[in-house]
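Peer 1: This is the structure I want to talk about, given as structure tokens.
The values are calculated or read from the model by the stated rules, or taken from the named source; none is laboratory data. For clarity, every value in this text was computed on a predicted model and none was experimentally measured. No Cβ is skipped: glycine too gets one built from the backbone with ideal geometry, and neighbour counts run over all protein chains shown.
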Ligand SMILES: Nc1nc2c(c(=O)[nH]1)N[C@H]1C(S)=C(S)[C@@H](COP(=O)(O)O)O[C@H]1N2
Ligand SMILES: [Mo]
């Protein structure tokens, strides 16, 4: 109960601070200096990341749904149309590993499939204003990170994708039990538009924090940012 009250107080203060900061971001002087306004808003967003990280409870689960709630047909989204989705050659594909990882040997798809698998029916929420419920299956990211002897005290896990997209998450979110390296979607292997052969599925975060068609995973203490984050989206991106 106490924690809850403290959290609410912290959130209240952060909202007040946010409102003040947005006013500053829009005043006349800053409009004359768009760079300054931009920098103020970016700083605000990074500060907001810290608040969200502090509020994040690694044991709270995102909502799950019955099979009857699954959205059909599923909805595709990327920074290009569905026809342009990258087609990865599954035979030569490897998951490359970089940074603070003990065993950086690249992984083949069959090797990932041989690891313990988890399935979830969860909701994906896009900031564009739509949400879908889907079923994803794959390897819990925490299991994978331990398996490759990653530095679990490092701050970030980063992802690079076959289409040039990239994203990164905090370590606490990476170790959350519902965060998986998804190989399956709706009971079958992922298809190209939905992130074949491997995507991140992280139901505690917004859609853009769920990179598809991953080709490399890194563990680092240097802020890796993200494709949409560079264009002004908030980095923590909790839903
Ligand atoms: N590689 C890659 N991953 C991506 C994107 C992208 O453009 N490229 N778009 C993101 C966004 S904004 C959303 S909402 C989800 C959409 O996932 P879906 O196509 O499975 O619905 O993918 C995310 N992952
Ligand atoms: Mo999105």
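Peer 1: Test residue 187 against the criterion of being in contact (Cβ under 8 Å) with a residue 60 or more places away in the chain and touching a strand residue (DSSP E or B) at 6+ places or on another chain (Cβ under 7 Å), and give yes or no. Please lay out each step first, then the result.
Peer 2: Details: in contact (Cβ under 8 Å) with a residue 60 or more places away in the chain: no; touching a strand residue (DSSP E or B) at 6+ places or on another chain (Cβ under 7 Å): yes.
No: the conditions fail for residue 187.
Peer 1: Kindly indicate whether any position in segment 167-179 is in contact with a helix residue (DSSP H, G or I) (Cβ under 7 Å, 6 or more places away or on another chain), in the same structural domain as residue 95 (by TED's automatic domain parsing) and farther than 18 Å from residue 60 by Cβ.
Peer 2: yes
Peer 1: Within segment 74-92, which residues are assigned to a loop (DSSP other than H, G, I, E, B) and away from ligand 2 (no atom under 14 Å from the Cβ)?
Peer 2: Residues of segment 74-92 that are assigned to a loop (DSSP other than H, G, I, E, B), as a first pass: 74-81, 85-92.
Residues satisfying the conditions are 81, 85, 86, 87, 88, 89, 90, 91, 92.
Peer 1: Output yes when any residue across segment 103-115 is within 16 Å of ligand 2 (Cβ to nearest atom), surrounded by fewer than 16 Cβ atoms within 10 Å (Cβ to Cβ) and not in a loop (DSSP other than H, G, I, E, B), and no when none is. Don't jump to the end; show me each part of the working.
Peer 2: From segment 103-115, those within 16 Å of ligand 2 (Cβ to nearest atom) are none; that's our starting set.
The answer is no; no qualifying residue exists.
Peer 1: Something else about it: Please verify whether residue 138 is in contact with a helix residue (DSSP H, G or I) (Cβ under 8 Å, 6 or more places away or on another chain), free of Cβ contacts under 8 Å to residues at least 40 places away in the same chain and either within 28 Å of residue 52 (Cα to Cα) or crowded, with 17+ Cβ neighbours inside 10 Å (or both), treating the condition exactly as stated.
Peer 2: Working: in contact with a helix residue (DSSP H, G or I) (Cβ under 8 Å, 6 or more places away or on another chain): yes; free of Cβ contacts under 8 Å to residues at least 40 places away in the same chain: no; either within 28 Å of residue 52 (Cα to Cα) or crowded, with 17+ Cβ neighbours inside 10 Å (or both): yes.
In short, no.
Peer 1: Still on this structure, please answer the following. Could you check segment 122-163 and list, in sequence order, the residues that are farther than 30 Å from residue 67 by Cα and either within 16 Å of ligand 2 (Cβ to nearest atom) or not in a loop (DSSP other than H, G, I, E, B) (or both)?
Peer 2: Of all residues in segment 122-163, those farther than 30 Å from residue 67 by Cα come to 146-158, 160, 162-163.
Residues satisfying the conditions are 146, 147, 150, 156, 157, 158, 160, 163.
Peer 1: Given the criterion surrounded by fewer than 13 Cβ atoms within 10 Å (Cβ to Cβ) and within 16 Å of ligand 1 (Cβ to nearest atom), identify the matching residue among 81, 96. Steps first, answer last, please.
Peer 2: Details: 96 fails: surrounded by fewer than 13 Cβ atoms within 10 Å (Cβ to Cβ).
Every option except 81 fails the conditions.
Peer 1: If you don't mind, there's one more thing I want to ask. Which pairs do you get when a residue that is in contact (Cβ under 8 Å) with a residue 12 or more places away in the chain and on the phi > 0 side of the Ramachandran plot, found in segment 79-99, comes within reach of a residue that is outside any loop (DSSP other than H, G, I, E, B) and surrounded by 14 or more Cβ atoms within 10 Å (Cβ to Cβ), reach meaning Cβ atoms under 6 angstrom, with the pair 6+ apart or on two chains?
Peer 2: Correct list of pairs: 99/218; 99/219; 99/220.
Peer 1: Checking the structure you have, find out if any residue of segment 193-208 is in a strand (DSSP E or B) and away from ligand 1 (no atom under 11 Å from the Cβ).
Peer 2: Kept after step one, since they are in a strand (DSSP E or B), are these residues of segment 193-208: 199-201, 205.
Next, only the ones that are away from ligand 1 (no atom under 11 Å from the Cβ) stay: none.
No, segment 193-208 has no match at all.
Peer 1: Kindly establish whether residue 173 is part of a helix (DSSP H, G or I), under 12 Å from the mean Cα position of the chain (by Cα) and within 25 Å of residue 231 (Cβ to Cβ). Give the derivation first.
Peer 2: Details: part of a helix (DSSP H, G or I): yes; under 12 Å from the mean Cα position of the chain (by Cα): yes; within 25 Å of residue 231 (Cβ to Cβ): yes.
So residue 173 fits the description; yes.
Peer 1: Within segment 191-239, which residues are within 13 Å of ligand 2 (Cβ to nearest atom), buried (at least 23 other Cβ atoms within 10 Å of the Cβ) and more than 24 Å from residue 88 (Cα to Cα)?
Peer 2: 205, 229, 237
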